[in-house]
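Inspection log for the structure reproduced underneath, given as structure tokens.
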Protein chains: 2
Amino acid sequence: MRSITMPATLKDIAKETGLSTATISKYLNGAKLREKNRIAIEQAIRKLDYTVNEYARGFKLNRSHIIGVIIPDLNNLFITNILVQMETLLREHDYSIMICDCHTDAALERELIHFLLGRMVDGIINMPVCATGEHLKPALSKKVPVLVLDRMISGLEGQIDNILIDNASIARRAVQSLIDQGHRQIGLIIGPTDYSTSRERLEGYRQALASSGITVNDSLIAYSDFTVEGGYESLCHLLKCNPNMTAVFPTNYDMTLGSFIALKEQNIRIPDDMSFIGFDDMGLSRVTHPPLTIVAQPLEQLGIYAARRILSRLEDPDEVPISITLSASLKIGTSVGVPRHVEDE
Amino acid sequence: MRSITMPATLKDIAKETGLSTATISKYLNGAKLREKNRIAIEQAIRKLDYTVNEYARGFKLNRSHIIGVIIPDLNNLFITNILVQMETLLREHDYSIMICDCHTDAALERELIHFLLGRMVDGIINMPVCATGEHLKPALSKKVPVLVLDRMISGLEGQIDNILIDNASIARRAVQSLIDQGHRQIGLIIGPTDYSTSRERLEGYRQALASSGITVNDSLIAYSDFTVEGGYESLCHLLKCNPNMTAVFPTNYDMTLGSFIALKEQNIRIPDDMSFIGFDDMGLSRVTHPPLTIVAQPLEQLGIYAARRILSRLEDPDEVPISITLSASLKIGTSVGVPRHVEDE
DNA sequence: GTGAAAGCGCTAACAT
DNA sequence: ATGTTAGCGCTTTCAC
């Protein structure tokens, strides 16, 4: 006899209704059957509080309906904004996500691939730390669909899906808009250059300057670390080394917050004393006066595309992996003005 | 014959080594055996690239090694700070977490309990939206251990674990420290009072004032919503209604950020013009000058205790659910000063 | 439309 | 120390 705490199984429903487990299973999976039987089954299910044992089903069908997600840091609004959309959309399709934080540690990242494969995940979404993509090989050789998020990995074309943002383009446009206002001494606060996103933003900055015939002044480029503290210190450093700097462009949210606070604390007015273009349209950018001109990355879209792509791959194993690049937009505020020396002319 | 993409099974290893599946299973689960056989198995495992089918194992043993986690919002550093520790510790014990964001929607929260139970999670950790705990009943009746995080739910004592922070106490101490400096007009920015944390912080504020014989002035209490915008607007509102206010105490991280920026923008100096005690020692508090006096909640500890408790419950089903209350601390900076009118006396 | 039976990969008696 | 065997709950032929 089945104890009070043991959940009911198909067999119990079969016994209760006098039907076979096969029939009930089929019904549960969408088959049609005699009205009388349908009702009997529904009744038995309610009476015995039956729910499908997804574990047995997954075991039988060899699919878990779980997507593994490996990210470098959960404590990051840029990342969670993407995850929220992904999770919501995947759950609507009856998939759940297993999030693993590798703490920006490439060795742990590699381990986590194995961890997730051991958990029989149906697919893997990864914002990679390891730039070579070497860590993804075990998943690929097991034919588990892999999607790489927000960072470029070369050498795996055609084997993985890739959702990217056109960082070079948006950085170029942002810096160009500063140049158009007359700025020549434009500070850039950039993240670690082992990430393709940082390199591309730097490249966009260089392109904009080059196309206007402005020589790049290396002392205007602060190499930072994507943190609030990093942004704060970089801004202070840039100011000290470049008294003539008239505009500054931090290139992620935390550094935007840090450098914004540094400016406020030094009583440097935006845009009167310093023009400012921030990054990522979250928290801070919703309250500042003047409203910030800001690079708005389509984070929700990133999450949605990632979820859609992995679902497509799962539905049709023959689907070919592709790379999708989304455009960011420049949200215009009033934190960019005409630089002093131009006004004076 | 097993196709190239089908993963190897115990049977394959058995065939390869000439041993039985039982022996290999036992070895995999820690049993000792003849050195010769051990080597043969290791070799076969490597040759066939075998990994345990966790799905079959979980099915057989009726445990998934998955903890379901339901939170009101992933886009929240307070929450992710807790999750990071939880995830790390649980994974070290070979558990993974399935995170579901209910978007502060009680109906979705209830649904997610069913979703997770259907996924056969071994336990559930929940920072609840629903204050009655009604949504947890299905989990409890299935004997799935439930742990409630950071919020009090009454009526479920002895049935659920509960990890809390002593909000009343820390709020009282924070406000007391302002009173000790001579402040009498102390603004409070509080979150939605449907959460026990908000009510307790408000209670702590009241207690501190009462114990010093100060009458509570309702116009000094701003009921806000835990967001950056909310903090910004609440600060502006408090200032307008209370020109005599000499100190302000926002009670979560986002509202701390919002009100801090509002002060900066109005050129109100901290602590000269306004004393300030912030909440949650993250991002902002690491860069401000002067360093903020701040309520530091033990977020990492919260995550660690939650993980430990649920692991204990899983290891020993007879373990009795308990409630643990952690103390927050007041990190002293220099954002609190002596109010003007006292200096003048 | 319905049922009988096989089997997914693993573990746990139980036997040797 | 190792093998035999049954069976977890489900889906899926293949009959009828």
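We did not get these values from a lab; they are worked out from the coordinates using the rules stated. Just so you know, these numbers come straight off a predicted model, no measurement behind them. Quick reminder, even Gly has a Cβ in these numbers, built from the backbone with ideal geometry, and neighbours come from all protein chains shown.
Could you order peptides A:176-183, A:122-129, A:206-213, A:225-232 by the average number of other Cβ atoms within 10 Å of their residues, highest first?
Top of the packing list down: A:122-129, A:225-232, A:176-183, A:206-213.
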Treating only Lys and Arg (+1) and Asp and Glu (-1) as charged, each at its beta carbon, one finds that the stretch A:111-238 has a dipole about its Cα centre, in Debye to the nearest 20, of 240
Computed on Cα atoms, the radius of gyration and Dmax of the protein assembly as shown in angstrom are 28.6, 94
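Is the shape of the stretch A:151-221 rounded, prolate or oblate, going by the alpha carbon gyration tensor and its root eigenvalues a ≥ b ≥ c, with a/c under 1.5 for rounded and a/b larger than b/c for prolate?
prolate
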Taking the alpha-carbon centre of each part, the distance from the stretch B:155-190 to the stretch B:56-72 in Å is 36
The exposure ranking of B:34, B:119, B:308, B:286, fewest beta-carbon neighbours within 10 Å first, is B:34, B:286, B:308, B:119
Cross-link reach from residue B:137 to aspartates and glutamates, straight Cα distance under 17 Å and at least 8 residues apart if same chain, gives A:49, B:109, B:111, B:122, B:157, B:161
The rounded separation in angstrom of the Cα centers of the stretch B:15-39 and the stretch A:211-240 is 60
Largest fluctuation, A:104, A:51, A:197 only, Gaussian network model of chain A with Cα springs under 10 angstrom, belongs to A:51
Within 10 Å of the Cβ of an average residue in A:83-90, the count of other chain Cβ atoms is 3
Ranked from fewest to most other Cβ atoms within 10 Å of their own Cβ, B:153, B:70 fall in the order B:153, B:70
extent check for chain B: Cα max minus min per principal axis, descending, whole Å, gives 94, 41, 31
Output row for residue B:324: copy-to-copy label distances, label 7 Å along Cα→C-beta, ascending, in nanometres, one decimal, is 4.2
Protection proxy (average C-beta count within 10 Å per residue), highest first, orders B:324-333, A:288-297 as A:288-297, B:324-333
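Enter the mean projected area of the convex hull around the alpha-carbon atoms of the stretch A:154-194, in nm², rounded to one decimal.
4.2
Can you give the average number of partner chain beta-carbon atoms within 10 Å of each beta-carbon in peptide A:94-105, as a whole number? Please list the in-between numbers first.
Working: counts 3, 0, 11, 4, 6, 8, 5, 7, 0, 2, 0, 0.
Averaged over the peptide's residues, the number is 4.
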Per residue of B:49-62, other chain Cβ atoms within 10 Å number on average 5
Taking a straight Cα-to-Cα line shorter than 21 Å from residue B:15, and setting aside same-chain lysines fewer than 8 residues away, one finds B:26, B:32, B:36, B:47
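Taking neighbour counts of Cβ atoms within 10 Å as a proxy for exposure, in what order, fewest first, do A:15, A:36 appear?
Ranking A:15, A:36 by Cβ neighbours within 10 Å, fewest first, gives A:36, A:15.
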